[in-house]
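Trainee: Dropping the structure in here first, questions after.
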Amino acid sequence: MSLEVLVFALFAALALGSALVVVLHRNPVVSTMSLVVTLVALAALFVMLGAPFIAALQILIYTGAIVVLFLFVLMLLNVQRESAATPSAGRGQLWGTLIVACAFAGTLVILFWRSGAGVPAPLTAAEVALPVIARLLFSQYMLPFEIIGLLLLAAVVAATVLARKVPASPEEGD
Amino acid sequence: MSPQQIEIAATAAKMLVWIGFLVGALTPVMVWVERRGSALIQDRPGPNRLGPFGLFQPVADVVKFMFKESPVPAAADPFLYRLAPVLALVAPLSTYLVIPLAPRFVVAGQPIAGVAADVDTGVLLLLALSSLGVYSLVMAGYASNNKYSMLGSVRASAQMISYELALTLSVVAVLVPVGSLRLDEVVAHQQTSLLHWNVFPQAIGFLVFLVAMFAETNRLPFDLPEAESELVAGYHTEYSAMRFALFFMGEYMAMGGLSALCATLYFGGWSLPGVDVMAVGAWLAGLPGLGWLGGGILGALVGALILFAKVVVMMLVYVWVRWTFPRFRFDQLMRLGWKVLLPLALLNLVLVAALTVGGVL
Amino acid sequence: MVPISWYLLLAAALFVLGTIGALTRRNGIAIFLSIELMLNAVNLALVAYSRQLGDPTGQIVVFFVLAVAAAEAAVGLALFIAIYRHGRTIDVNRMNLMRW
């Protein structure tokens, strides 16, 4: 049992366990905090796969900004737990979900098992280095990069407009 | 020992040096400095009962924290309430991993980096890990089941994420002439002379960083979320004894982390202009009794001491500012962060980029 | 040494868990969290393939997916705030104004 397999097993178990909590726990705040654990475990897996830049970005953007946004909205809206009295989903819905999930899982397993080959060659320091991605990003993928900037601008404007308080009556101005 | 074992031992030693400095030296000394320094500025004696000049006051504080009762509110979320202070300590501690203590030095024929985490994504990792500190604020406020805590934590986290932008942009401006995210290259870029210290060519960026640094750590003049006269004690209202001590220590660690980053980015880190750290280390190794450590380790220790001295100076500035300025109101705070600092940081970035392309920087 | 197929199976498992969450939960924000879980599973699969094929393009795509997820989260949560202001609920079973 090499050290790499142990570390992978640790982070994979962490990711799966906290993903289960995200999906199953009734309190949405606990779900959100479990999502943070999942994201950090995934960042560790990214590092193991030779993508330290993406791992740092994952922590910076996903856990540092997106999930904080989730928490803010949850707390400002004072969301209550999903009550245990009324079940969250009807019987038919649960069975349907289970069938869909199994079909999905089966398809994905067959796909991935066939395509994912064995162990890749060990990484060299040059492959993990940052300039590789930087060069690609700013030469070949420059157009998507700029478009992403525009997309984020549109999202900022949209979020500001959607979340703003509507004036109480038509006579009151802003 | 094999090269791998030397590498592992070196990394452990670097982490121990940081933790030893932080927990052993910085936090107790800062507690004392805070109280005596504030007393000096406010023209009163300060603690002077315990030991000469009240030097054992931190010891008394620790004893008090250990023996005080730490009640958990009845309606508090049991897991999150206990987790929040732990995260408040872990998130700032992890930011020290990428700050270089020393240049590359040689131990037993093997080159060792001066950073605990010798990764390409250096400062990005620091920014990412320090942004995890928001969670301790949010969890503390939410789990306490107390409206003052909730309000304080919402304000504190809004403040932290707002000023993270200005902080990150001023850091990016420092990285543009260097061309790398690694902090040891940033230090190498500043080694030539005193005027090369980034605080001079990037003065605007330094000012933005300084203000954002205070806001990130919730220190006066930006400490509305935890001020005593405002929301009781803000997000840590319901915490006492050892849990409060963890928040307290976490705040000092965050201050130290950002001070170390400031020292590395703007004041040359472990380097002093005209001082060759490794040569000093080699000279020290010639002294009787120190030869067994070797010039490499001694040089690294000299570099670390220079860095620690700069961090201590920054922390003194923190204390000085705290007791000098009045507090910002929350809307003034947000206005400053978004409408003043962010445009200034962007302007600084554009200027630095233009100067770098023009060949000046 | 860890074969890449293990990473891919983990991605598949996370994706299926996210799907179950998105289809089963009643709380709108919990559905959103499950969708983010699915996005992360896709990111893991992309990085795993990028490692296997030795092509950094996979990591570039993950970079874009991260940015798009951020934009989507911002707009989605703003929508939830607007809906909550209107109906005081984020239970998706009760948002039935557009039902036949």
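Read the figures in this text as sums done on the coordinates, not as results from a lab. Predicted model only: the values in this text are computed from it and were never measured. Positions of Cβ are backbone-derived with ideal geometry, glycine not excepted, and every protein chain shown enters the neighbour counts.
Trainee: Report the calculated FRET efficiency for B:Thr192 and A:Leu143 (r = Cβ-Cβ distance, R0 = 56 Å), to the nearest 0.05.
Mentor: Efficiency for this residue pair is about 0.90.
Trainee: Can I ask one more? Which of B:His196, B:His236, C:His86, B:His189 comes first, and how do the rest follow, when ranked by fewest Cβ neighbours within 10 Å?
Mentor: Fewest to most other Cβ atoms nearby, the residues stand as C:His86, B:His196, B:His189, B:His236.
Trainee: Between the alpha-carbon centers of segment B:268-335 and segment B:153-176, tell me the distance in whole angstrom.
Mentor: 24
Trainee: Please arrange B:Trp320, B:Trp197, C:Trp100, A:Trp95 by counting, for each residue, the other beta carbons lying within 10 Å of its beta carbon, fewest first.
Mentor: C:Trp100, A:Trp95, B:Trp320, B:Trp197
Trainee: Under a 10 Å cutoff between Cα atoms, tell me which one of C:Arg25, C:Arg88, C:Arg51 has the largest fluctuation in the Gaussian network model of chain C.
Mentor: Sorting by GNM fluctuation, first place goes to C:Arg88.
Trainee: What is the total of Lys pairs in segment B:3-357 with C-alpha atoms under 30 Å apart, excluding same-chain pairs fewer than 8 positions apart?
Mentor: 4
Trainee: Moving on to the next point. In the Gaussian network model of chain B, springs joining C-alpha atoms below 10 Å, which of B:Leu349, B:Leu83, B:Leu290 carries the largest mean-square fluctuation?
Mentor: Per the Cα network of chain B with a 10 Å cutoff, B:Leu290 tops the list.
Trainee: Please report B:Ser271, B:Ser70, A:Ser139, B:Ser153 as a ranked list, fewest other C-beta atoms within 10 angstrom at the top and most at the bottom. Please list the in-between numbers first.
Mentor: Working: B:Ser271 24, B:Ser70 15, A:Ser139 8, B:Ser153 31.
Going from sparsest to densest Cβ surroundings: A:Ser139, B:Ser70, B:Ser271, B:Ser153.
Trainee: Next question. Could you work out how far the C-alpha centroid of segment B:1-47 sits from that of segment A:1-35, in angstrom?
Mentor: 34
Trainee: Of the candidates B:Ile161, B:Ile41, B:Ile112, which one comes out as most mobile in a Gaussian network treatment of chain B with C-alpha springs shorter than 10 Å?
Mentor: Judging by the Gaussian network model, the answer is B:Ile41.
Trainee: Can you give me the distance in nm between label points at B:Val23 and A:Thr160, each placed 7 Å from the Cα along the Cα-to-Cβ direction?
Mentor: A separation of 4.6 nm, rounded to one decimal place.
Trainee: Okay, moving on. Computed from the mean reciprocal separation of all distinct C-alpha pairs, what Kirkwood hydrodynamic radius does segment B:3-357 have, in Å?
Mentor: Answer for segment B:3-357: a Kirkwood hydrodynamic radius of 21.4 Å.
Trainee: Taking θ as phi - 60°, what are the ³J(HN,Hα) couplings along segment B:182-188 by the Karplus curve (6.51, -1.76, 1.60), each to the nearest whole Hz, with x for Gly and Pro?
Mentor: Per residue, the Karplus-derived 3J(HN,Hα) values read 6, 6, 6, 6, 4, 5, 4 Hz.
Trainee: Turning to a different aspect of this structure: With only Lys, Arg, Asp and Glu charged, each at its Cβ (+1 for the first two, -1 for the last two), find how big the charge dipole of chain A is about the Cα centre; round to the nearest 20 debye. Working shown, then result.
Mentor: On the way: 7 positive and 7 negative charges, 89 e Å.
Roughly 420 debye, rounded to the nearest 20.
Trainee: Once the cut-off is 34 Å, how many percent of the Cα-Cα pairs in the protein assembly as shown end up in the long-distance tail?
Mentor: Here the tail beyond 34 Å accounts for 48 percent of pairs.
Trainee: A further question follows. Just how far, in whole angstrom, is segment B:48-88 from segment B:106-123 if you go by their alpha carbon centroids?
Mentor: Spelled out, the Cα-based centre of one part sits 36 Å from the other.
Trainee: So for chain A, what percent of the C-alpha to C-alpha distances run longer than 22 Å?
Mentor: Working: 10181 of 15051 pairs.
That tail contains 68 percent of the Cα-Cα pairs.
Trainee: Suppose we look only past 21 Å in the calculated P(r) of segment C:4-93. What percent of the Cα-Cα pairs does that tail hold?
Mentor: Summing the P(r) tail past 21 Å for segment C:4-93 gives 41 percent.
Trainee: Relative contact order, percent, of segment A:1-81 when contacts are C-alpha pairs under 8 Å separated by at least 6 residues?
Mentor: 30
Trainee: Now, a different point. Hey, what's the Kirkwood Rh for segment A:1-81 if you take every pair of different alpha carbons, in angstrom? Working shown, then result.
Mentor: On the way: mean 1/r = 0.0745 Å⁻¹.
Computed over Cα pairs of segment A:1-81, the Kirkwood hydrodynamic radius comes out at 13.4 Å.
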